[in-house]
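The values are calculated or read from the model by the stated rules, or taken from the named source; none is laboratory data. Quick caveat, the model's predicted, so the values are computed rather than measured. Here Cβ is always computed from backbone atoms with ideal geometry, including for glycine, and neighbour counts include all displayed protein chains. The area values use the complete protein model at the heavy-atom level, side chains included, leaving out ligands, DNA and RNA. Shrake-Rupley method; radii C 1.70, N 1.55, O 1.52, S 1.80 Å.
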Amino acid sequence: MELISCMLFLFLSLSLLLLFNSKRSSSRQWKNKRPPGPKGYPLIGNLLEMGDKPHQSLAILAASHGPIMRLKLGQMTTIVISSAAMAKQVLQTHDQALSDRTVPHSSTVYDHDKLGFPWLPVSDLWRTLRKVCNNHMFSHNALDSHEPIRRNNVGRLLADIRRSAHNGESVDIERAVFGAAFNMLSNTIFSVDLADPNSEWAKEFKETVWGILEESGKFDVGDYFPVLKWMDLRGSRRRMMVYIKKFLDMIVEMIEERFRRQEFAGGFDGGHRDMFHNLLNLPKENTYPNFDVYLIKHLILVLFPAGTDTTTSTVQWAMAELLRNRKILLKAQTELREVIGKDPLKESDFSRLPFLRAIVKETLRLHPPAPLLLPRKAREDTKIEGFLIPKDAQVIVNAWEIGRDKSIWEDASSFKPERFLGSEIDFKGRNFELIPFGAGRRICPGLPLATRMVHWILGSLIHSFDWKLEDGITPETINMDEKVGLTVVMAHPLRAIPLIV
């Protein structure tokens, strides 16, 4: 009897112990529950599944694995976000924990990862640079003061296109818009034309920026296998070193030239009051005692590639969509001509042109310049909807997929600007179904300038001219293939023939 009692007690004890361990194990598994995702290959993980258009490949994978998905890209754990609700969790709810960056290996040259605004972790230096951008570079007053520069460059763009129209020549939209955007920035910052075809120095500067753009968008093995970084197998870092050194050296030349001009003019007060002038004077303010020339160079290094590429990409995609949809183009032209007549378009007109604004929103929905935004990095373990995002994991938000989400957008793959008429949805970071420039504390600081440039250039192109395609090309045969670099651009640059209105 005692043996039976002893065995029963032992059995009950073991059962309770197993039950306790089971619950503890279950609790631990829930606490460390990983997001679902595809099984990868040994060593390389899911790299082969990324393809040459990763935003599209990730959208296909998300259809099977859900709006929060885990991948292994080489040695890097990557969490992919593919819905507006999940994006809000990353970019707003857990913004502080997920606000650091994973830095491309090629961008670590000349301390650019330590000084370049997009790559810095949230820190005192990052806050200083954000304050400079918001208060001195892209504030409403600062942008208003540079409005004559943008107006002058839009006028020159239209004059160039008018010459092509008189000669019956087609226009390379990408090249034309890039030149205008580049000169808008260079005149805003330096008060000089840097897209001047007659200047060898300007040509060299422009080619250097193109080189940085090209290298920034290339696949680098070292980004996914840190142990191989030192080998620089594809040479991306070596080439980037050449381009960034050249860029920084040319900025030094600009600084030296500016100081010579200031000395000749009798000091800063007699010199140019462009953005560069204001930046050079910031250290005199108590708020920015440590803002030196080295920081200015790296800030400008970020501004040129980002500002020109984003504007060019957006305007080119918009023109392609309009040429594929003639009724929408005619509606936009009608609005412009009824509202402003034959007068040149001005920035103050934008608020009276809801259909033009809707076209820009719809273009950014279908063709966000950076479809995966800039990758973030978890600075600590973070739980989203019960799933663990481990510390140091890369976090990617697929803005391209969110913009085409059929549960949000009716007829999601079609170009229909009308969907935004009367809608409060905007791309300024408050509506997570449309986040081409990101959201939260790391939203693109140049958004206010990019918005003005895109609306002005695009509106002027469709207001001042009618457009027709080259012989042999129809709206249905316009090649809309993508090429992925720092931004997603048209793989085959759009050409069209302008007609004088």
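Once amide H atoms are built 1.01 Å from N in the peptide plane, which residues 5 or more positions from Met76, or in another chain, come under 5 Å H to H?
none
Per residue of region 299-313, in order, report the coupling 6.51 cos²θ - 1.76 cosθ + 1.60 (Karplus, θ = phi - 60°) as ³J(HN,Hα) in whole Hz, putting x for Gly and Pro.
With coefficients 6.51, -1.76 and 1.60, one gets 5, 5, 4, 6, 5, 5, x, 5, x, 7, 5, 5, 4, 4, 4 Hz.
Percent of Cα-Cα pairs more than 12 Å apart in region 437-478, please.
Working: 612 of 861 pairs.
Value for region 437-478 (Cα pairs over 12 Å): 71 percent.
Only helical DSSP H runs with n ≥ 4 go in: add -39500 (n - 2.57) per run for the chain, normalise by residue count and round the 222 nm mean residue ellipticity to 500 deg cm²/dmol. Could the numbers behind the result be given before it?
On the way: 16 runs with 241 residues, N = 501.
Computed mean residue ellipticity for the chain: -16000 deg cm²/dmol.
Sequence neighbours fewer than 8 away in the same chain don't count; with that in mind, list the lysines whose C-alpha is under 17 Å from Lys377.
Within the straight-line limit of under 17 Å, Lys377 reaches these lysines: Lys72, Lys88, Lys114, Lys391.
Output ³J(HN,Hα) for region 281-296: one whole-Hz value per residue in order, computed from phi by the Karplus curve 6.51 cos²θ - 1.76 cosθ + 1.60 with θ = phi - 60°, and x for Gly and Pro.
Working through the residues one at a time gives 8, 4, x, 6, 7, 4, 5, 10, x, 9, 7, 9, 4, 4, 5, 4 Hz.
How high is the relative contact order of region 49-193, in percent, counting Cα pairs under 8 Å that sit 6 or more residues apart?
10 percent
Would you mind getting the accessible area per residue of the chain, heavy atoms of the protein chains only, 1.4 Å probe, in Å²?
Per residue, the chain has an accessible area of 48 Å².
Order 158-168, 113-123 from most to least packed using the mean count of other Cβ atoms within 10 Å.
Values: 158-168: 14.4, 113-123: 17.4.
So the order, starting with the most tightly packed, is 113-123, 158-168.
Once you have the alpha carbon radius of gyration of the chain, what is it after dividing by 2.2 N^0.38 Å, with N set to its residue count?
In units of the globular-protein estimate, the chain measures up at 1.12.
Over the chain, with every protein chain in place, what whole percent of the accessible area is carbon and sulfur at 1.4 Å, could you tell me? Could you put the intermediate results ahead of the total?
On the way: 13000 of 23910 Å².
Here it works out to 54 percent.
Could you give me the ³J(HN,Hα) list for region 169-186, computed from phi with Karplus coefficients 6.51, -1.76, 1.60 and θ = phi - 60°, whole Hz, x at Gly and Pro?
Rounded to whole hertz, the list is 9, 7, 10, 7, 4, 4, 5, 5, 5, 4, x, 5, 5, 4, 6, 4, 5, 5.
Measure nothing but the geometry: give the 0 to 90° angle between the long axis through the Cα atoms of 236-265 and the longest principal axis through the Cα atoms of the chain, rounded to 10°.
For helix 236-265, the angle is close to 40 degrees.
Could you work out how far helix 326-340 tilts from the main Cα principal axis of the chain, as a 0 to 90 degree angle to the nearest 10?
Between the helix axis and the principal axis of the chain, the angle is about 60 degrees.
Using the Kirkwood formula over every pair of different C-alpha atoms, what hydrodynamic radius in Å results for region 365-501?
Across region 365-501, the inverse of the average 1/r is 17.8 Å.
Below 8 Å, C-alpha to C-alpha, sequence gap of six or more: please give me the relative contact order for region 24-134 in percent.
About 17 percent, as a whole number.
Got the relative contact order for region 32-500 handy, in percent, Cα pairs under 8 Å and 6 or more residues apart? Intermediate values should be presented prior to the final figure.
Values: 710 pairs, mean separation 115.0, N = 469.
So the answer I get is 25 percent.
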